[in-house]
1. Looking for something in the same structural domain as ALA109 (by the TED database), outside any helix (DSSP H, G or I) and under 15 Å from PHE417 (Cβ atoms) - is there at least one such residue anywhere in segment 226-244?
2. Among the residues that make up segment 312-324, is at least one of them assigned to a loop (DSSP other than H, G, I, E, B), in the same structural domain as LYS272 (by the TED database) and not aliphatic (A, V, I, L, M)?
3. Take residues that are over 28 Å from ALA372 (Cβ atoms) and small (Gly, Ala, Ser) and tell me which of the strands (runs of 3 or more DSSP E) falling wholly in segment 85-177 contain 2 or more.
4. Quick check on my filter: what residues within segment 270-281 are open to solvent by less than 40 Å² (accessible area, probe 1.4 Å) and out of contact with any Leu (no Cβ under 9 Å at 6 or more places or on another chain)?
5. List the number of the failed condition for GLY211; all other conditions in (1) more than 13 Å from TYR134 (Cβ to Cβ); (2) in a loop (DSSP other than H, G, I, E, B) hold.
6. Within segment 240-257, track down each residue that is open to solvent by 30 Å² or more (accessible area, probe 1.4 Å) and in contact (Cβ under 8 Å) with a residue 40 or more places away in the chain.
7. In segment 151-173, which residue that is without any contact (Cβ under 8 Å) to a residue 24 or more places away in the chain and of a type in the set (Ser, Thr, Tyr) is most open to solvent (accessible area, probe 1.4 Å)?
8. Of the residues SER489, SER435, which is modelled with pLDDT under 85, outside any helix (DSSP H, G or I), hydroxyl-bearing (Ser, Thr, Tyr) and not assigned by the TED database to the domain that holds GLU112?
Amino acid sequence: MMAGATSATAAAGAFAAAAAASAKAACPWAVAAAGGWRRSGVVVRCDAGGDAQAASKAASITALEQFKISADRYMKEKSSIAVIGLSVHTAPVDMREKLAVAEELWPRAISELTSLNHIEEAAVLSTCNRMEIYVVALSWNRGIREVVDWMSKKSGIPASELREHLFMLRDSDATRHLFEVSSGLDSLVLGEGQILAQVKQVVRNGQNSGGLGKNIDRMFKDAITAGKRVRCETNISAGAVSVSSAAVELAMMKLPKSECLSARMLLIGAGKMGKLVVKHLIAKGCKKVVVVNRSVERVDAIREEMKDIEIVYRPLTEMYEAAADANVVFTSTASESLLFTKEHAEALPPISLAMGGVRLFVDISVPRNVSACLSEVEHARVYNVDDLKEVVEANKEDRVRKAMEAQAIITQELKRFEAWRDSLETVPTIKKLRSYADRIRASELEKCLQKIGEDNLNKKMRRSIEELSTGIVNKLLHGPLQHLRCDGSDSRTLDETLENMHALNRMFNLDTEKAVLEQKIKAKVEKTQS
């Protein structure tokens, strides 16, 4: 949004080229990496002594000089909020799992993303149904390209293949998308509540690691507000199901109707999703479930909370024995590797014809816990999160009506966020104008005090003169500063406010747009050097 917050292309590109050229001479095999040179995942410092330092300093100067030459061209490109990602709507689960980022690795991913030349701020939202990266990009085209390349390297999927499944949204479209996600409008199941908790976790994670910038932080917090309002002010959550409840519903659909309540249920994983599976099994009338988990404590906590079902604990070492006794196996763990392969399924005993003759594996984990090859086994069938669409196809008309009610609230919250972001445009001008006025005030005050003489002034008189000068400056600045504010509280448009800003920049020779850009470029160069 900020006119001065424009592309860092020239500076960062020039710096990268110069640094790479000088380092290549010392280490020809090296590939540039933040803070050093990386080979096979190890950062290696190239000790080129004074020559390396000189080259690095020269690269910085070259980058900033390049900026000064090309600034006018880059000033035309505003920094953008963008979202690049894929979801259950755009990509199959096998692609999503390759891109999935475990929650504990979000800070590291944010650090890697913000080290890219054209990315100022970043956040990662990775769930079983989506993997989305939100950024503030100094340059839209270059920033998007860098993020896609990062995703490609992380997942091992060629960028050309990734682009077939990625969606990319910019500014208000990106913000609206996040608000819709937080409100449950983009979920596989309309109105599901777990996604709002996951959006909250992005903010908590960012606060703990210090990883979120002011734009992304504010956007996510406003998204949480929108999500809460949608759930409180509409009936979108009435009758809504989560991924866990849809998984239970799918299992019930696939079992013979007469045997649903007598089917032996096994749950692997006692985390949040697993706990919800137990809750929805109770709602369906099930009286017993076996839970396999690494430790018994979580299972005991679920048992303590849910008294209407018998919960039998089995340790992880007994997982396959427990599966042999089960008709339906739900998997919900954070395991990075498969728990059940085709070979495992073949080793399990057959299921009675009364139960349909097949063992059902309902896998709601991303990355997946169960191999898709299980369905090649005669007495096994596997379903993953993509198969839950079958459950949520019903009541489309009701879903559309509820979504329309929610969109009205999202539009209100979107306007509030955009008004806040618009107000940031003029902050550099406000700061520079006040600093300019304060310098004049301090200079003239010093002349005045010298003429009067220190011996002729006591502390009270000096303070009165200082307060007089400050009061005059504040009153003179009040009018111009009021016309630089565009926070949605009055009828003034953003265009009118920006005209006022440009006029003041010209009148007082503040040159804030170039100053802001130079500051951003300088920060990027210094970060790459460190």
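1. The answer is no, given that none of the residues of segment 226-244 is in the same structural domain as ALA109 (by the TED database), outside any helix (DSSP H, G or I) and under 15 Å from PHE417 (Cβ atoms).
2. Looking only at segment 312-324, we keep the residues that are assigned to a loop (DSSP other than H, G, I, E, B), and these are none.
Among the residues of segment 312-324, not one is assigned to a loop (DSSP other than H, G, I, E, B), in the same structural domain as LYS272 (by the TED database) and not aliphatic (A, V, I, L, M), which makes the answer no.
3. Working: elements: 119-126, 130-137, 167-170.
Per the criteria, 119-126.
4. As a first pass, look at segment 270-281 and keep what is open to solvent by less than 40 Å² (accessible area, probe 1.4 Å): 270-271, 273-274, 277-278, 281.
Within segment 270-281, ALA270, GLY271, MET273 meet the criteria.
5. (1)
6. ALA240, VAL241, GLU249, MET253, LYS254, PRO256
7. SER160
8. Numbers: SER435 fails: outside any helix (DSSP H, G or I).
The match here is SER489.
The values are calculated or read from the model by the stated rules, or taken from the named source; none is laboratory data. This structure is a prediction, so every number in the text was calculated from the model and none was measured. With ideal geometry, Cβ positions are generated from the backbone for all residues, glycine too; neighbour counts draw on all protein chains shown. Heavy atoms of the whole protein, side chains included, go into the accessibility calculation; ligands, DNA and RNA do not. Shrake-Rupley method; radii C 1.70, N 1.55, O 1.52, S 1.80 Å.
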